[in-house]
Amino acid sequence: MNEASDAEQNAAAYRILLEALARRRAQARGGGGARVLAKHRERGKLFVRERIDALLDPGSPFLELAQLAGDGQHEGVPPGAGMVTGIGQVSGRQCMIIANDATVKGGTYFGITCKKHVRAQEIAWMHRLPCITLVDSGGAFLPDQAKIFPDAGQFGSIFYQQVRMSAEGIGQIAVVMGACTAGGAYIPALADELVIVRGQGFMYLGGPQLTQAATGEQVDPETLGGALMHSRTSGVSDHLAADDVDALAITRRLVSHLGDWPARRWQIAPPRSPRLDPNEIYGLISRDARHPSENREILLRLVDDSDFDEFKPLYGDTLMCGFARINGFRVGVLANRGVLFTESGNKAAHFIDLCCKRDIPLLFLADVTGFMVGREVEQQGIAKAGARFITAMASANVPKYTVITGGSYGAGYLAMCGRAFRPHAIFMWPNARAAIMGPEQAATTLALVREQILARGGEQWSDAEREAFKQPIRDEYERFADAFNFASNLWVDGVIDPLETRQTLTLLLDAAARTPREETRFGVFRM
């Protein structure tokens with residue numbers, strides 16, 4: 001088989017993955033279905049994405065985050081968990097937009113909705129982005145209370161992060177465009193400024209039914225918590241809007257009064273497209289997960305002018321380290337070309353140290369089966385080298401971004417700035433996979449354990465029995481490792497088309513460029 005035909009087969013296989021991504025995105029954009037959408041429109045309301053479009057500067061990009069969160073987790077709930085979050089430009093300034101979709105179960109909060117809201121705030125906090133929350137929600141989905149109420153990272157963390165961001169001068173603006181009940185009423189009440197839509201927005205800790213049940217008082221929604229009452233009497237609201245369009249126009253004006261946007265802390269070179277065609281990436285990604293992709297060629301199709309200035313190219317060459325630019329923004333790149341060895345860990349720690357001292361953001365392109373195992377590498381001190389890599393990566397206070405471009409397993413996933421190490425953002429390509437180990441390794445490991453148990457009892461099993469034991473394990477690990485499963489559980493911030501990578505990173509790097517530099521103090525490097 002010649003190289004061209006192999007690339008064509010890879011590209012054909014990748015088109016199937018892109019079609020799956022497009023279907024899921026279409027489901028997310030479809031909201032709660034035609035019948036509910038029609039009722040929403042009859043009430044004179046804009047749909048959630050229409051609201052966002054009206055809020056953003058015309059023609060400016062919108063980076064939607066966690067679009068597939070909750071996919072398949074609740075019956076009748078499409079991908080997105082009843083909320084749209086993302087970064088967009090409002091009145092010339094990048095903002096985090098958090099918007100309830102009232103067409104999906106009334107915009108109620110499931111556990112995954114809380115997680116999505118909290119994650120959007122975390123990204124905003126790290127990038128110091130003002131938060132604009134478009135509120136239209138019936139509150140908590142009560143049957144899911146264990147995932148909503150008691151723990152950190154759930155509904156209460158929304159309030160905590162609002163307060164802490166406000167204290168740091170990161171603007172918090174809320175727009176009440178529909179229902180806002182119970183504990184959810186604190187989301188707009190904790191904002192720096194609050195806009196409410198007349199005849200449409202309602203805020204109350206206890207709605208009319210709860211009020212009657214608790215006190216016996218009968219009261220209509222407008223008197224209890226309507227826009228006029230909160231604007232004239234309670235003083236909870238700061239700005240009264242006539243309708244959705246007016247509310248969003250007021251919000252744009254409020255953003256314009258947030259103060260000066262900090263200047264970029266980095267010098268940006270003129271953007272240059274890759275010399276090598278990015279469309280060729282599809283043909284370079286191996287259609288068989290057991291066969292590695294040629295990641296050097298993929299990298300050259302992602303960076304400006306296909307220019308990658310490699311650091312220590314002859315040492316620890318299963319990990320590429322070097323400097324490049326993404327639309328003019330300088331980045332320090334760490335990209336896998338195979339299993340990690342002792343030399344790879346040493347090189348990574350050295351390179352990360354350089355980037356921290358020079359205030360250069362880190363970009364991890366992860367495609368790794370893990371660290372090498374065996375007597376020889378253990379005697380070489382691979383545990384120490386891996387620990388140095390992880391210490392450097394975890395300590396680094398420069399902006400960090402991770403894109404999982406292939407398989408990312410075990411300690412390799414962790415070292416390449418996995419979710420636990422709080423990257424500023426983490427994405428997967430549709431072909432990507434991540435797990436504690438690969439499906440075949442997991443099946444073989446558990447089969448060996450089973451064989452030892454049988455042997456102790458004087459039993460044996462046939463090849464057919466061994467295979468029957470292993471196949472369900474392979475299947476389970478394949479399902480778990482799938483990029484769409486990671487997106488559904490919000491273990492990553494989204495699944496993106498490889499050709500969306502440059503624009504996604506550009507928008508994030510531009511936000512990071514306006515944050516203050518932080519000094520890095522490394523943990524102890526075991527020598």
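222 nm [θ] for the chain, helices only, -39500 (n - 2.57) per DSSP H run of 4+, per residue, to 500? Could you put the intermediate results ahead of the total?
Numbers: 19 runs with 212 residues, N = 527.
Counting only the DSSP helices, I get -12000 deg cm²/dmol.
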**Request:** Would you be so kind as to identify which of A289, H74, V398 lies farthest towards the positive end of the dipole of the chain, taking Lys and Arg as +1 and Asp and Glu as -1 on Cβ and the Cα centre as origin?
**Result:** V398
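Express in % the proportion of alpha carbon pairs of the stretch 103-179 at distances exceeding 22 Å.
Here the long-distance tail beyond 22 Å is 23 percent of all Cα pairs in the stretch 103-179.
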**Asked** Given the Cα atoms of the stretch 424-465, and with Rh set as the inverse mean 1/r over their pairs in the Kirkwood sense, what is Rg to Rh to two decimals?
**Response** 1.28
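R514: net charge of surrounding residues, Cβ under 13 Å, Lys/Arg +1, Asp/Glu -1, itself excluded?
Working: positive: R93, R128, R264, R265, R517; negative: D260, D510.
Within the 13 Å Cβ shell, the charges total +3.
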**Request:** With everything on Cα atoms, drop me the angle between helix 342-358 and the longest principal axis of the chain, reported from 0 to 90° to the nearest 10.
**Result:** 40 degrees
**Message:** With +1 assigned to the C-beta of every Lys and Arg and -1 to the C-beta of every Asp and Glu, and no other charges, what is the dipole magnitude of the chain about the Cα centre in debye, to the nearest 20?
**Reply:** 880 debye
**For the stretch 122-277, size of Cβ-based charge dipole, Lys and Arg +1, Asp and Glu -1, in debye** = 740 debye
**Request:** Summarise the accessible area of the chain (1.4 Å probe, protein heavy atoms) by the percent that is carbon and sulfur.
**Result:** 52 percent
**Prompt:** Over what distance in Å are the Cα centres of the stretch 392-465 and the stretch 216-286 separated?
**Reply:** 38 Å
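What are the equivalent ellipsoid semi-axes of the stretch 445-527, built from the alpha-carbon gyration tensor (square roots of five times its eigenvalues), in whole angstrom, biggest first?
So the equivalent ellipsoid measures 46, 23, 9 Å along its semi-axes.
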**Message:** I need the peptides 252-263, 96-107, 383-394 ranked by packing, meaning the mean over residues of other C-beta atoms within 10 angstrom, with the highest value on top.
**Reply:** 96-107, 383-394, 252-263
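Take each of the peptides 138-147, 515-524, average the number of other beta-carbon atoms within 10 Å over its residues, and list them starting from the highest. Kindly include the intermediate steps, with their values, before the conclusion.
Numbers: 138-147: 16.3, 515-524: 11.3.
Packing proxy ranking, top to bottom: 138-147, 515-524.
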**Message:** Given the options L448, Q460, I426, identify the residue whose Cα lies farthest towards the positive end of the charge dipole of the stretch 418-474 (+1 on Cβ of Lys, Arg; -1 on Cβ of Asp, Glu).
**Reply:** I426
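On a full-extension model of 0.36 nm per residue, what is the gain between A12 and E294, subtracting their alpha-carbon distance, rounded to one decimal in nm? Walk me through the intermediate numbers first.
Numbers: separation 282, 0.36 × 282 = 101.52 nm, distance 1.73 nm.
Result: 99.8 nm gained on full extension.
Can I get the semi-axes of the stretch 130-247's equivalent ellipsoid? Compute them from the C-alpha gyration tensor as square roots of 5 times the eigenvalues, in angstrom, largest first.
22, 21, 11
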**Prompt:** With no solvent and one point per C-alpha, what does the Debye sum give as log10 I(q)/I(0) for the stretch 224-347 at q = 0.10, 0.22 Å⁻¹?
**Reply:** -0.59, -1.24
**Prompt:** Efficiency by 1/(1 + (r/R0)^6): what FRET value for R272 and E168, r their Cβ-Cβ distance, R0 = 51 Å, to the nearest 0.05?
**Reply:** 0.90
**Asked** In whole angstrom, how far apart do the alpha carbon centroids of the stretch 494-526 and the stretch 77-154 sit?
**Response** 22 Å
**Request:** Measure nothing fancy, just the Cα-based angle from helix 382-395's long axis to the longest principal axis of the chain, in degrees from 0 to 90, nearest 10.
**Result:** 20 degrees
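If DNA, RNA and ligands are ignored and the probe is 1.4 Å, what is the ranking of I285, I436 by accessible area, most exposed first?
Details: I285 5, I436 120 Å².
Output order, biggest surface exposure first: I436, I285.
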**Message:** For a quick size check, give me the Cα extents of the stretch 276-338 along its three principal axes, largest first, whole Å.
**Reply:** 33, 29, 13
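State which entries of K39/K115; K115/K400; K347/K384 exceed 18 angstrom in Cα-Cα distance in the structure shown.
Values: K39/K115 28 Å; K115/K400 21 Å; K347/K384 13 Å.
Beyond 18 Å: K39/K115; K115/K400.
Compute the orientation-averaged projected area for the stretch 320-392 from the convex hull of its Cα atoms and round it to one decimal in nm².
Details: hull surface 19.2 nm².
For the stretch 320-392, the mean projected area of the Cα convex hull comes to 4.8 nm².
Rounded to a whole number of µm²/s, how large is the Stokes-Einstein D of the stretch 382-500 at 20 °C and 1.002 mPa s, given Rh as the Kirkwood radius over C-alpha pairs?
My calculation gives 132 µm²/s for D.
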**Request:** Grab the alpha carbons of the stretch 27-95, take their convex hull, and tell me the volume per residue in Å³.
**Result:** 89 Å³
**Item:** Distance from the stretch 1-61 to the stretch 316-330 (C-alpha centre basis), Å
**Value:** 31 Å
**Degrees, to the nearest 10: 244-256 long Cα axis against longest axis of the chain** = 70 degrees
**Prompt:** Among A167, A213, L194, which residue has its Cα positioned farthest towards the positive end of the charge dipole of the stretch 142-264, with +1 placed on the Cβ of Lys and Arg, -1 on the Cβ of Asp and Glu, and the dipole taken about the Cα centre?
**Reply:** A167
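The values are calculated or read from the model by the stated rules, or taken from the named source; none is laboratory data. Every value quoted in this text rests on a predicted model; they were computed, and no experiment measured them. Here the Cβ is made from the backbone with ideal geometry for all residues, glycine too, and neighbour counts use every protein chain on show. Surface areas here come from the heavy atoms of the whole protein model, side chains and all, with no ligands, DNA or RNA. Shrake-Rupley method; radii C 1.70, N 1.55, O 1.52, S 1.80 Å.
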